[in-house]
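Everything below concerns the one structure shown next.
Bear in mind that the values in this text are calculations on the coordinates, not laboratory data. Quantities reported herein were computed from a predicted structural model and do not represent experimental measurements. Cβ atoms come from the backbone with ideal geometry, glycine included; neighbour counts cover every protein chain shown.
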Amino acid sequence: MERRSFLKIGAAAGGALLVPVFGNAIAAEELLNPMAVQFKKSLADAAMNAATKAGATYCDVRIGRYLNQFIVTRDLNVENIVNTESSGIGVRVIANGAYGFCATNVMTLDAVADAARQAVAIAKANSKLQTEPVVLAPVKGVGEVAWATPFKKDWRTVPIAEKAEMLLAANKAGMEAGANFMRSMLFQVNQQKYFASTDGSYIDQDIHRLWSPFTATAVDKASGKFRTRDGLSSPSSMGYEFFDCKPQNRVQAAGGVTTLYKGAYDLIEDARAAGRQAKEKLTAKTVEPGKYDLVLSPEHLFLTIHESVGHATELDRVLGYEANYAGTSFATLDKWKSKNFKYGSDLVNIVADKTTPASLGLVGYDDEGVASKRWDLIRNGILVNYQATRDQAAMIGEKESHGCSYADSWSSVQFQRMPNVSLEAGKKKLTPDEMVKDIKKGIYILGRGSYSIDQQRYNFQFGGQLYFEIKNGKIVNQLEDVAYQSNTQEFWNACSALCDERDWRLGGSFFDGKGQPSQVSAVSHGSPTTRFNGINVINTARKIG
Amino acid sequence: MKFLTQEETKRISDKVMSLTKADQCEVTINGSRKGNIRYARNAVSTAGLIEDTQLAVSVAFGKKQGTATINEFDDKSLEKAVRRAEDLARLAPENPEFMPTPTKQEYKATETFFKKTADIDPEFRAQVAAYSIENSKKNKLVAAGFFTDGTSFTSIANSNGVFGYQQDTGLDFTLTVRTEDGRGSGWVKRSVGDASKFDARAASDIAIEKAMRSVDAKALEPGRYTVILEPAATSDVLAYMFNAFDARSADEGRSFLAKKGGGNRMGEKLFDEQVNVWADPWDKDVAVLPFDAQSMLARERQDIIKNGRIASLQYSPYWAKKMGQRAVGTPGNIIMAGTNKSTEELIANTKKGILVTRTWYIRMVDPQSVLLTGLTRDGTFYIENGKIKHPIKNFRFNESPVTMLNNIDEIGRPEILSGDESQFQLLIPAMKVRDFNFTSLSDAV
């Protein structure tokens, strides 16, 4: 595996947080001036003309400017503030039926034309080892268009002091409520992406994302025990208005065990709850292993969807292109062709959707110029489709691409990446409290915890942040040391109830890794609170030395 | 951008430091040239070369620090980077834990540069891919692999006169070979600094053999088994544990090395006495830079576990000062003592057991006990009466490396490798461990 370039954004040795980044640090005020569209068009045209002249039958050009800001705090101190920027141009061509790619950070007409010619030379060299020529599904050129993430307040204009104060206030609230230690961060991302292709598209996009994760740690020195509780927020593609949390954005979890958030987030309030709950975890009852009916909140279930459905239905994995790293998939083409493979129970409807508002996968067009759309992956429990790019669409009988192409940098080659993959809400009215009422022996799980799944996406084990025991229709107490182990097909076939649309919320992953050299992408997964019957729960407490 | 020499980075660093009147200044310059080739379904999918050079300048006014980086090296750009770092430092709140940049350090050069690795060209990479693809095709198998090689330099300098520069080379090779029907899968990994220690053909043959031998795996009941873990099966498991050797976390009561009632477990016997682990930047097999580029402190040879006892913890400069300890450069490698016994010998000495080629998707379940979960992958076999009897289905495990290193029966020959998800260069042996906890079966091949 390629060891990625990491930026050490925490100060402590050993405990430092490592974040994969691309680019160079810059001052905040310079983030606001985008490159002129006409300049980008002239660079793109220079590259496409040079590529075509050199023998390319297709060429696409991506001009990217990637801006990030990270703020890292520990307890009542700001540990680091980092601004990064990376700009450059990536040229992909098809010549003699093979791909070639070349990238440069020199933004002159000569340099990009040269990169395009090099890409063609690489394609011609690769074509000698090619077994099947690349065939792209058609896409109609859209001319000159622009798209931007809808937001109200630009994170780039919010003073650093104001952001740092919010994080420190959250840490203070957590420590006052019972945590001994707090660590919180604010990740802010802006991708200014320009795409042009010989199909006649010139697409200018401005994409924004935010995430504010934290960890509260409680320690009982006398017993030597420590426990953590991470934040329950979901990363979002909203602007800084994400932190303007109103009463309608607050959701009470089943039994009122904690407050959850939809459409905005109160970092300080969640940190306060986390401080209290981390301390409560020190004395919570340890779980009795066995079979339980699980009630999984969207803040937890998103990662199970990501791992067991999102990755399993990536067509490149199914075909074997990722065999040496992430792995292949149990959801093979014969299962899809049979049109009767029961991935889940009849209640399970899972869609891929790159148009979901506030989601991390929300864009106007993918990195092949294909407009964002929504399509079914699992309908009434049956596997009905995969996630495909232009060169894969024909392999599953599709006439056009699903728009799943993405590169994490101008210098990376675009390839198939997961769109938002979400579980549809139940059609019957049902609240989480009503769901709990029907359960004799169960566990209610909230938040993202430990996660692991095999290379074909059969066997998985997941933990969470908060666990509550359900007995005879009531939440009776907090639990600890919980993890559930299951098999993807068994698990989704054990899905027995879904809450309705009112309870549907997004969770998401900011740093999903795939490919060699490894690339990261951000993706969301929506779901309602959902019930799974008779799932195997293990106790994870161990004694050492 | 051409590869910068020691004289060139010294000149650039001095120039940058002369541009600021801040209380202190640190300059780090990194450059690399990395080539790669990727293949799947017995055909090359991508090949490329990535070159990059970056300069980071960090300045401080009192306890306020700011950092900026840039990848242009003309005078105007250098000046711009310094002004940006100064701007950020002025905006940053005072950090009560700020530590001044170190004074005089002695960096004794290590052998991290190998010309044979630096000379790797596209032809060499194509040949690596060709070996595995051709031999796989011959055996009706499907190869997917990735080979990457690189040459880098790291230059560090500060306003107290500290300066260090060194070049290093490395290559990583991973290959997965599967049967056409997907019932068998084998894997191999090689990770070395010196290309003369890399044999693409021999490595490919291991993955090919494992793929053929792993067909028709039988299911064993999950439970506790004696296992022979090849080095690649423990590399990430051990790296997780060594990431938790931070003194501050232990002293604060939030690590497995925290002592009940307060303090840390330095000096306590936590592992079997056969366990000896150290870091050594000058090791001939896994040499690393003689300095930690982050703290600019010199690395030292450090015992980490001595005869099963905790022999050292890592101190950040701030925590070292607070606790009256000495901070040294964070280790870049982990070396575990082994024997001359081959894995075949370990198998021959085993009545009943399981051979594990590789572990995968390892995650922390409980940091209190370093309980990790993950799965076996690409070659898991049942051993009976000293022989490999048949392939078995993969297992999920829930096990702590602390428990694992207490249950060692026998230790084999160390191998050079790096973890999938760790930053350490590793030299670790195969190990025979009793009562390893497999908690469920996986159908994955």
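For an R0 of 45 angstrom, estimate the FRET efficiency from the Cβ-Cβ distance between B:Lys393 and B:Ala118 and round to the nearest 0.05. Approximately 0.55, to the nearest 0.05.
Here the Karplus relation 6.51 cos²θ - 1.76 cosθ + 1.60, evaluated at θ = phi - 60°, turns the backbone of the stretch A:527-532 into coupling constants of 6, x, 4, 9, 9, 10 Hz, with x for every Gly and Pro. Electrostatic bookkeeping for A:Thr356 treats Lys and Arg as +1 and Asp and Glu as -1; over the other residues with beta carbon under 14 Å from its beta carbon, the sum is +3. Bridges between two residues of the stretch A:285-539, per DSSP, are antiparallel at a rate of about 85%.
Against the main long axis of the alpha-carbon atoms of chain B, helix B:6-18 sits at an angle near 50°. For the stretch B:123-173, the set of trypsin sites (Lys or Arg not before Pro) satisfying both a DSSP loop assignment and a count of at most 10 other C-beta atoms within 10 Å is given as B:Lys140.
Gain on full extension, evaluated as 0.36 nm per residue between B:Lys76 and B:Lys104 minus their Cα-Cα distance, stands at 7.1 nm.
Amide H contacts of B:Arg254 (H built 1.01 Å from N, in plane; Pro and chain starts excluded): no residue 5 or more places away or on another chain comes under 5 Å. Each Lys or Arg adds one and each Asp or Glu subtracts one; over the other residues with Cβ under 14 Å from the Cβ of A:Lys152, this totals 0. Dividing the summed -39500 (n - 2.57) terms of all DSSP H runs of n ≥ 4 by the residue count of the protein assembly as shown sets its mean residue ellipticity at 222 nm at -6000 deg cm²/dmol. Using R0 = 22 Å, the C-beta based FRET efficiency linking A:Gln130 and B:Arg201 works out to 0.40.
With each label modelled as a point 7 angstrom along the Cα→C-beta vector, the A:Lys153-A:Glu501 pair spans 2.9 nm. Counting lysine pairs in the stretch B:234-352 that sit 8 or more residues apart in sequence, or on different chains, and whose Cα atoms lie under 28 Å apart gives 19. Compute the Rg/Rh shape ratio of the stretch A:285-539: radius of gyration over Kirkwood radius, all on alpha-carbon atoms. Rounded to two decimals, Rg/Rh equals 0.97. Residues whose amide H comes within less than 5 Å of that of B:Glu410, counting only those at least five positions distant or on another chain, are B:Lys432 (H built at 1.01 Å from N in the peptide plane).
Beta-bridge orientation, the stretch A:6-281: approximately 90 percent antiparallel, per DSSP, counting only bridges with both partners inside.
Long hydrophobic helices in chain A, taken as whole DSSP H segments with a C-alpha length of 18 Å or more on their own axis and mean Kyte-Doolittle hydropathy at least 0.0: A:109-127, A:160-177.
Against chain B, whose longest principal axis is taken from its Cα atoms, helix B:231-242 shows a tilt of about 40°.
Shown here for the stretch A:352-418: trypsin sites (Lys or Arg not before Pro) in loop regions (DSSP other than H, G, I, E, B) with at most 11 other Cβ atoms within 10 Å, namely A:Lys399.
Residues whose amide H falls under 5 Å from that of B:Phe424, counting only those 5 or more places apart or on a different chain, are B:Gly419, with hydrogens built in the peptide plane.
Bridges between two residues of chain A, per DSSP, are antiparallel at a rate of about 90%.
Computed from backbone phi, the HN-Hα couplings of the stretch B:126-132 come to 4, 5, 4, 4, 4, 3, 6 Hz, rounded to whole numbers (Karplus: 6.51 cos²θ - 1.76 cosθ + 1.60, θ = phi - 60°; Gly and Pro given as x).
Each residue of the stretch B:21-35 was assigned a 3J(HN,Hα) from its phi angle through the Karplus curve 6.51 cos²θ - 1.76 cosθ + 1.60 (θ = phi - 60°); the sequence is 10, 4, 5, 8, 8, 10, 10, 10, 10, 10, x, 8, 10, 10, x Hz, with glycine and proline shown as x. Once the Cα atoms of helix B:75-91 and of chain B are each reduced to a long axis, what angle between those two axes, in degrees from 0 to 90 to the nearest 10, is obtained? For B:75-91 against chain B, the angle is about 90 degrees.
With the cut-off at 1.5 for a/c, could you classify the protein assembly as shown from its C-alpha gyration tensor as rounded, prolate or oblate? Rounded.
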